[in-house]
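Chemist: This is the structure I want to talk about, given as structure tokens.
Rule-based calculations on the coordinates, nothing more; no lab input. Note that the structure is predicted; figures quoted are calculated from it, not measured. Ideal geometry is used to build each Cβ from the backbone, glycine not excepted, and the neighbour counts take in all protein chains shown.
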Amino acid sequence: MEIKPLDLTVKSLLETAFYRIPRFQRPYSWDRENVGDFWADAILAEDPDYFIGSFVLYREKGDPDVLFVVDGQQRLTTITILLASVRDALHDLEFEALAGAVQKLIEREDINSHLRFMLDSETPYPYLQEQIQKYPEKGSEEAIGSEQEALASAYTFLLDKVKGAVSSVDADTTISDEKKRDEKKRKLIDIRDRVLRLQLITVQLGAEDDAYLIFETLNTRGKDLTVSDLVKNHLTRLLRPRHKGVDLVKHKWDGLLDDFARSEVEININRFLHHAWLSRRPYITEKKLFKEIKRNVDKKTA
């Protein structure tokens, strides 16, 4: 397995490539506690060069500008949401040039002069693209599912935090009214720069097959990989799409999750997988379920 580690800042990460969430990844799932911890660590910590961990990536043939995210999806999405919050706060205060400059970290031209979002993720489409990444006009609102609700919650939380930092200037009696606008701009620039200075390590893999294996061994901060995450990864590794743009495995899996979400009864996907397996096989605990599925489900039976 070929592995290439590299030290970067968030700024250099965003300027290096476009990033895509691969088909085996789970949806965005950070809750208010996870996002709050990120805000505290990234923005409120005394260390302005805080280390946010490793990002595991791989590149596919055919699009050298794109890196696929194996580990780091939750953090990269949250960084995008935080930058969008800073952008929108700058826009509200009519600092248009600064807001536009932040937007270039979220959306920029590729080598063919086509505008592309820095982060491309299919499952929350179109909410992430239309309601968070798009600027200055927002797109039309679509029906919101659980992933979109998590994105909306993160955006609302971070925008409140950013605007709270700005509104604190109005309450500060030591700053004259003439200087308050400049102080608000300084606070927003400081938040932006703290995000861009965050330190990380990228680990670039040599092949997509390595990415599936690495995914099984990794946990992202705050949300452990569940049985369903690992089963989805296993199935998408075995059942590759035959035609570009037609990913039936991912479509069927997402449809299954939608059925669970729409159910009037509370059904847990991990418990369902466990009971479905036990209805056909000898008893095992849920903790051992994925290992048993991986041992028994191959390309012929996937």
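Chemist: With respect to the cross-link table entries K250/K291; K187/K250; K11/K163; K138/K184; K61/K104, which display a Cα-Cα separation exceeding 32 Å?
Modeler: K187/K250
Chemist: For the chain, calculate the relative contact order in percent as a whole number, restricting contacts to Cα pairs under 8 Å that are 6 or more residues apart.
Modeler: RCO, the chain: 29 percent.
Chemist: Right, something else. Helix 73-92: angle to the longest alpha-carbon principal axis of the chain, degrees 0 to 90, nearest 10?
Modeler: Computed tilt is about 30 degrees.
Chemist: Hey, what angle do you get for helix 227-238 against the long axis of the chain, alpha-carbon based, 0 to 90 degrees rounded to 10?
Modeler: In the chain, helix 227-238 runs at an angle near 70 degrees to the longest axis.
Chemist: On to the next question. Pull up the DSSP beta bridges for the chain and report the antiparallel fraction as a percent, rounded to 5.
Modeler: For the chain, the DSSP antiparallel bridge percentage is about 60.
Chemist: Residue by residue, what Karplus-based ³J(HN,Hα) values in Hz, rounded to whole numbers, does the range 184-197 have, using 6.51, -1.76 and 1.60 with θ = phi - 60° and x for Gly and Pro?
Modeler: So the Karplus estimates, Gly and Pro as x, are 5, 4, 4, 5, 5, 5, 5, 4, 4, 5, 5, 4, 6, 8 Hz.
Chemist: Classify the range 1-91: rounded, prolate or oblate, from the alpha-carbon gyration tensor (a ≥ b ≥ c, eigenvalue square roots; a/c under 1.5 rounded; otherwise prolate if a/b is larger than b/c)?
Modeler: Here the range 1-91 falls in the prolate category.
Chemist: So what are the ³J(HN,Hα) numbers for the range 38-45, from phi and the Karplus equation (6.51, -1.76, 1.60; θ = phi - 60°), rounded to whole Hz, Gly and Pro as x?
Modeler: Working through the residues one at a time gives 5, 4, 5, 6, 7, 10, 8, 5 Hz.
Chemist: For the range 258-272, in order, what is each residue's ³J(HN,Hα) by Karplus, 6.51 cos²θ - 1.76 cosθ + 1.60 with θ = phi - 60°, in whole Hz (x at glycine and Pro)?
Modeler: Rounded to whole hertz, the list is 5, 4, 5, 5, 7, 5, 6, 9, 6, 10, 8, 4, 5, 5, 4.
Chemist: Place the peptides 8-19, 82-93 in order of packing, highest mean first, counting for every residue the other Cβ atoms within 10 Å and averaging per peptide.
Modeler: 82-93, 8-19
Chemist: Of the listed peptides 283-291, 28-36, what is their order by residue-averaged count of other C-beta atoms within 10 Å, with the highest listed first?
Modeler: Put in order of decreasing packing, that is 28-36, 283-291.
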